[in-house]
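Following: one structure in structure tokens, then a few remarks.
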Amino acid sequence: MIIETGIAHGGSLVLSASILALLDYCDALESKQKLDPQLPKRKVIGVDIDIRAHNREALDNHPMRNRMCLIEGSSISSDIVDQVHSLATGYKRIMVFLDSNHTHEHVLAELQAYAPLVSSGSYCVVFDTVIDDFPSPPDRSWGPGNSPKSALKKYIETDSSFEIDKVIENKLLITVAPDGYLLKK
């Protein structure tokens, strides 16, 4: 399972669902069992405070829709967190992608809510940590010291089960998530 906060137009949600579909297909080939596309093993949960009607319609009509669970609401509200935790029950391997509100307080709350779901050997990817490396934009509430990176650093001070994985970052050469690839030990 992949859990994504901040789905915007849904592009990364579709990409995640497509990759999960390929993994199901490979498993079926390897085990020589018939693949039932109506009952996918792997799914992606997308959480956004505002799923606009035209984006929801596009995702509802997408061929990967049966792999996507769309949840509208604040990713840090207790009822949404509980809903995601409930949907994640029974999954052995879980990844989390955080890409919604970029303030320190919000990202830290998301890390506290969703990082514990990440399975050992998997990742919690905190996007847009690069915000901490640029001057504060005048039209945003986040910037250096109030960013995904500042929240990530605070979180890993309290949770020793994660480490920043520079291997992926170094392979990419350029990323919007420097220090944002958290590997669960």
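No lab work stands behind these numbers, since they all come straight from the coordinates. Quantities reported herein were computed from a predicted structural model and do not represent experimental measurements. Note that each Cβ is placed from the backbone with ideal geometry, even for glycine, and that neighbours are counted across all protein chains shown.
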Quick check on the exposure proxy: order E72, E169 from fewest to most C-beta atoms within 10 angstrom. E72, E169
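If the chain between K34 and V167 were fully stretched, how many nm would it gain, using 0.36 nm times the residue separation less the Cα-Cα distance?
Numbers: separation 133, 0.36 × 133 = 47.88 nm, distance 3.65 nm.
The span from K34 to V167 would gain 44.2 nm if fully extended.
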What do you get for Rg/Rh of the chain when both radii come from the Cα atoms and Rh is the Kirkwood radius? 0.98
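Within the chain, what percent of beta bridges assigned by DSSP are antiparallel, to the nearest 5?
Working: 7 of 23 bridges.
Restricted to the chain, the bridges split so that about 30 percent are antiparallel.
Assuming a ≥ b ≥ c are the square roots of the Cα gyration tensor eigenvalues, decide whether segment 21-118 counts as rounded (a/c under 1.5), prolate (otherwise, with a/b larger than b/c) or oblate. Each step should come with its number before you reach the end.
Details: a/c = 2.62, a/b = 1.54, b/c = 1.70.
Oblate, since a/c reaches 1.5 and b/c is not below a/b.
When the helix-only estimate is applied to the chain (DSSP H runs of n ≥ 4, each -39,500 (n - 2.57), divided by the residue count), what is the mean residue ellipticity at 222 nm, nearest 500 deg cm²/dmol? The partial results should precede the final answer.
On the way: 6 runs with 69 residues, N = 185.
Result for the chain, helices only: -11500 deg cm²/dmol.
Rounded to the nearest 20 debye, what is the charge dipole size of segment 87-185 about its Cα centre when +1 sits on each Lys and Arg Cβ and -1 on each Asp and Glu Cβ?
On the way: 10 positive and 13 negative charges, 83 e Å.
For this selection, approximately 400 debye.
Just how large is the dipole of segment 1-80 about the Cα centre, in debye to the nearest 20, putting +1 at every Lys and Arg Cβ and -1 at every Asp and Glu Cβ?
On the way: 9 positive and 11 negative charges, 61 e Å.
Roughly 300 debye, rounded to the nearest 20.
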I want the local charge near L20. Using Cβ-Cβ distances under 11 Å, sum +1 for each Lys or Arg and -1 for each Asp or Glu among the other residues. +3
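Might you report the magnitude of the Cβ-based charge dipole of segment 96-141 about its Cα centre, with Lys and Arg at +1 and Asp and Glu at -1, to the nearest 20 debye? Write down the numbers at each step before the final one.
On the way: 1 positive and 7 negative charges, 29 e Å.
Roughly 140 debye, rounded to the nearest 20.
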For the pair R52 and I19, what calculated FRET efficiency results from E = 1/(1 + (r/R0)^6), where r is the Cβ-Cβ distance and R0 = 30 Å, to the nearest 0.05? 0.80
Taking only Cα atoms and a 10 Å spring cutoff, compute GNM fluctuations for the chain and point out the largest among P116, P138, P148. P138
What do you get for the angle between helix 148-158 and the principal long axis of the chain? Use alpha-carbon atoms, 0 to 90 degrees, nearest ten. 90
Need the C-alpha centroid separation for segment 1-36 versus segment 131-155, integer Å. 31
Under a GNM of the chain (C-alpha, springs under 10 Å), which listed residue has the highest mean-square fluctuation: D60, D139, D27? D139
Let me check against my output: what whole-number percent is the relative contact order of segment 37-122, with C-alpha pairs under 8 Å and at least 6 apart? 28
Per the charge dipole of the chain (beta-carbon charges, Lys/Arg positive, Asp/Glu negative, Cα centre), the residue among S31, V167, L182 reaching farthest to the positive end is S31
Using modelled backbone amide H atoms (1.01 Å from N, in-plane), which distant-in-sequence or interchain residues come within less than 5 Å of I94's amide H? S119
With a 10 Å cut-off between alpha carbons and a GNM built on the chain, which of A113, A17, A28 moves the most? A28
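If each residue's Cβ is checked for other Cβ atoms within 10 Å, how do C124, C69, C26 rank with the fewest at the top? Kindly include the intermediate steps, with their values, before the conclusion.
Values: C124 26, C69 17, C26 11.
Ranked by crowding around the Cβ, least crowded first: C26, C69, C124.
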To test your reading of the geometry: what angle, between 0 and 90 degrees and rounded to tens, separates the Cα axis of helix 11-31 from the longest principal axis of the chain? 40
Using Cα pairs closer than 8 Å and at least 6 residues apart in sequence, work out the relative contact order for segment 1-153, in percent. 23
Proxy reagent accessibility, fewest Cβ within 10 Å first, across K184, K153: K153, K184
Ranking Q83, V96, I51 by how far each Cα lies towards the positive end of the charge dipole of segment 33-99 (+1 on Lys and Arg Cβ, -1 on Asp and Glu Cβ), the top one is V96
